[in-house]
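The values are calculated or read from the model by the stated rules, or taken from the named source; none is laboratory data. Since the structure is predicted, the reported quantities are computational estimates derived from the model, not experimental observations. All Cβ positions, glycine included, derive from the backbone under ideal geometry; neighbour counts span all protein chains shown. Each accessible area value is taken on the protein alone, full model and side chains, heavy atoms only, with ligands, DNA and RNA left out. Shrake-Rupley method; radii C 1.70, N 1.55, O 1.52, S 1.80 Å.
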Amino acid sequence: QKEVEQDPGPLSVPEGAIVSLNCTYSNSAFQYFMWYRQYSRKGPELLMYTYSSGNKEDGRFTAQVDKSSKYISLFIRDSQPSDSATYLCAGYNQGGKLIFGQGTELSVKP
Amino acid sequence: EPEVTQTPSHQVTQMGQEVILRCVPISNHLYFYWYRQILGQKVEFLVSFYNNEISEKSEIFDDQFSVERPDGSNFTLKIRSTKLEDSAMYFCASSGGGTGEGYTFGSGTRLTVV
């Protein structure tokens, strides 16, 4: 079983839509969870960083962690064409290693 | 905003040649990492480095790979005898602490082995 699983998409939505991106994980040792955004041929850019179960909001982005079901989500409100990118979820433990999901390719159409 | 800098952005090398990929991590960070991403695949962990030694490495990081922090600012990945399957984007990252907060990636070096 892969440690972090993510539907690769692609996901296409109209501008202004609410986007829901999801991951599941199997490694109970993960203590922290990150969402990164990656544009084509660029490095991952940190969007959200969460530790505990619950919600964390930053502008149009909300990260949600449910440790009981090993489920993590990223919601994007009022999506914009500039949000078009690949979104990567990742689990992290204190060993320092990030384990990434496959990434979900998002396209926001004007 | 502080950033991780990688050079070169693109390197083409012949199979069997040695390559050195260079990174300048964020200056007050203590933890350094290399990841790679083969085209169309997920970002994969290679190695982590702390206190001048490797703290963890993946099964990908075999004897052909080595890392070094030759001075106070650079962090390098050496691939001794490149193979075709080493073609990938290589990302350097750094973080300030053991919680992973501020875990920042560079823009990557695209390595093409011909």
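The alpha carbons of segment B:27-114 give a radius of gyration and a Dmax of 12.8, 39 Å, in that order.
Contact order for chain B, expressed relative to its length and based on alpha carbon pairs under 8 Å spaced 6+ residues apart, stands at 38 percent.
Please give, to one decimal in nm, the separation of the simple spin-label points placed at A:TYR71 and A:ASN27, each 7 Å out from Cα toward the Cβ. Taking the simple label geometry, A:TYR71 and A:ASN27 are separated by 2.2 nm.
Once the Cα gyration tensor of chain A is found, what semi-axes does its equivalent ellipsoid get, as square roots of 5 times the eigenvalues, in whole Å, sorted largest first?
Each semi-axis is the square root of five times an eigenvalue, giving 23, 15, 12 Å.
Which pairs, out of A:LYS42/A:LYS109; A:LYS70/A:LYS109; A:LYS56/B:LYS42; A:LYS42/A:LYS97; A:LYS70/A:LYS97; B:LYS57/B:LYS78, put more than 23 Å between their alpha-carbon atoms? The answer is A:LYS70/A:LYS109; A:LYS56/B:LYS42. Accessible area per residue was computed with a 1.4 Å probe on protein heavy atoms; A:THR86 scores about 40 Å².
Bridge orientation summary for the protein assembly as shown: considering DSSP beta bridges with both residues in this region, about 90 percent are antiparallel. Once the chain from A:SER20 to A:GLU57 is taken as fully extended at 0.36 nm per residue, the excess over their C-alpha distance is 11.9 nm. A cut-off of 5 Å between modelled amide H atoms, ignoring neighbours fewer than 5 places along the same chain, links B:GLN11 with B:ARG110, B:LEU111, B:THR112. Interface area, chains B and A: about 1800 Å² of buried accessible surface, summed, with a 1.4 Å probe and ligands, DNA and RNA left out.
Sparse packing (at most 12 other Cβ atoms within 10 Å of the Cβ) combined with a DSSP loop state is found for the following GluC sites (Glu not before Pro) in segment B:1-44: B:GLU18. By the compact-protein rule of thumb, 2.2 N^0.38 Å, the alpha-carbon radius of gyration of the protein assembly as shown corresponds to a ratio of 1.02.
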